[in-house]
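Comments concern the structure below.
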Amino acid sequence: MVTGALALLGTTLTSYVYVWETVARGFEDPSEEVPRAERLPRARVGAAIGAIMTAFILWFMLVASAATLGRHHDHITSAQDAAQMLRPLTGSLASDFFAFGLVGSSLVALPVLMATTAHVFGAQFSRRRGLSQRVSHARGFYGLLTASIGLAFAVTAAKISVIGMLLAASVFGGFCTPIGLVILVLIARDNDVMRGHRISRRLAAAGWTVAVVVTGFGVLSAISIGHGNFWTSG
């Protein structure tokens, strides 16, 4: 249970979200069309709306999972198992509905994931990057996007358990989340970096609190994993 909670936190507070928000504002958003005085308020409103919508969607995901998986304490080990949980609602079309939802979420999430990875590498090696760039102007960026897609196909062909891989990635993200939060809070409170727009002490305190809570889950999960309860504790 503790490891499952850490995986949920690792998925919700994942580092690529922080990076993508920065990338979206710094490279993909046509900020030159927006007056400078309106950029920060606009970014704050967008972040607030995004956070509210995320919590709203997550709540319904938890309710749906509790009403299906939690009802009989079923364990999901494959995408096929997850699709079968829709059978009481959709009957023989369960697999089709699940596939439709999976493809829809992939169209939203995968470009963000792959683009974030490509942006990080591009920033590290000072290469031109951005989905707004032409392929001929950012070959390295789009090359890494293509390599990411190829890796995904390789994992699929190798028949690696997708559910297990997602759980492991989420748990790893949970362990790394406090590190990212600490760095973010320190940067956001630095007046020189933020150019006079650093976050308030109250918001910084909230960030520190979340970092401490997630760290606590990480410690408990590490103890659980140390006792060999990784797969059962989720």
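Name the helices (runs of 4 or more DSSP H) wholly inside the range 130-197 in which the number of residues that are buried (at least 17 other Cβ atoms within 10 Å of the Cβ) is 3 or more.
Working: elements: 139-157, 162-188, 191-194.
So the answer is 139-157, 162-188.
Give the range 44-55 a look and list any residue that's over 16 Å from the mean Cα position of the chain (by Cα) and either surrounded by fewer than 10 Cβ atoms within 10 Å (Cβ to Cβ) or not charged (D, E, K, R) (or both), or say none. Spell out the reasoning first.
Of the residues in the range 44-55, the ones over 16 Å from the mean Cα position of the chain (by Cα) are 44-46, 48-49.
Hits for the range 44-55 are VAL45, GLY46, ALA48, ILE49.
Within the set of pairs 6 or more residues apart or between chains, which connect a residue that is free of Cβ contacts under 8 Å to residues at least 40 places away in the same chain and among the hydrophobic types (A, V, I, L, M, F, W, C) inside the range 198-214 to a residue that is surrounded by fewer than 16 Cβ atoms within 10 Å (Cβ to Cβ) and assigned to a helix (DSSP H, G or I) with Cβ atoms less than 6 Å apart?
ALA211/VAL182
Could you look through the range 198-225, keep only residues that are over 16 Å from ALA7 (Cα atoms) and small (Gly, Ala, Ser), and pick out the one that is surrounded by the most Cβ atoms within 10 Å (Cβ to Cβ)?
Per the stated criteria, the residue is GLY207.
Looking at (1) more than 24 Å from GLY4 (Cβ to Cβ); (2) surrounded by 13 or more Cβ atoms within 10 Å (Cβ to Cβ); (3) modelled with pLDDT of 75 or more, find the lone condition where THR90 falls short.
So the condition that THR90 fails would be (3).
Scan the range 85-105 and report the pairs whose first residue is within 18 Å of HIS72 (Cα to Cα) and whose second residue is of a type in the set (Phe, Trp, Tyr), with Cβ atoms within less than 7 Å and a gap of 6+ or a chain change.
LEU86/PHE97; LEU86/PHE98
Scan the range 112-127 for residues that are outside any helix (DSSP H, G or I) and either out of contact with any Phe, Trp or Tyr (no Cβ under 9 Å at 6 or more places or on another chain) or loosely packed, with under 13 Cβ neighbours inside 10 Å (or both) and jot them down. Break it down into steps so the answer makes sense when it comes.
Of the range 112-127, the ones outside any helix (DSSP H, G or I) are 125-127.
Passing the criteria: PHE125, SER126.
Could you say which residue among LEU184, LEU167, LEU131 is touching a residue at least 60 places away in the same chain (Cβ under 8 Å) and in contact with an Asp or Glu (Cβ under 7 Å, 6 or more places away or on another chain)?
None of the other options fit; the residue is LEU131.
Of the residues THR209, THR156, which single one is more than 25 Å from ARG44 (Cβ to Cβ) and polar (S, T, N, Q)?
On the way: THR209 fails: more than 25 Å from ARG44 (Cβ to Cβ).
Selected residue: THR156, the only one of THR209, THR156 that is more than 25 Å from ARG44 (Cβ to Cβ) and polar (S, T, N, Q).
The values are calculated or read from the model by the stated rules, or taken from the named source; none is laboratory data. Given the structure is predicted, the values throughout are model-derived calculations rather than measurements. Ideal geometry is used to build each Cβ from the backbone, glycine not excepted, and the neighbour counts take in all protein chains shown.
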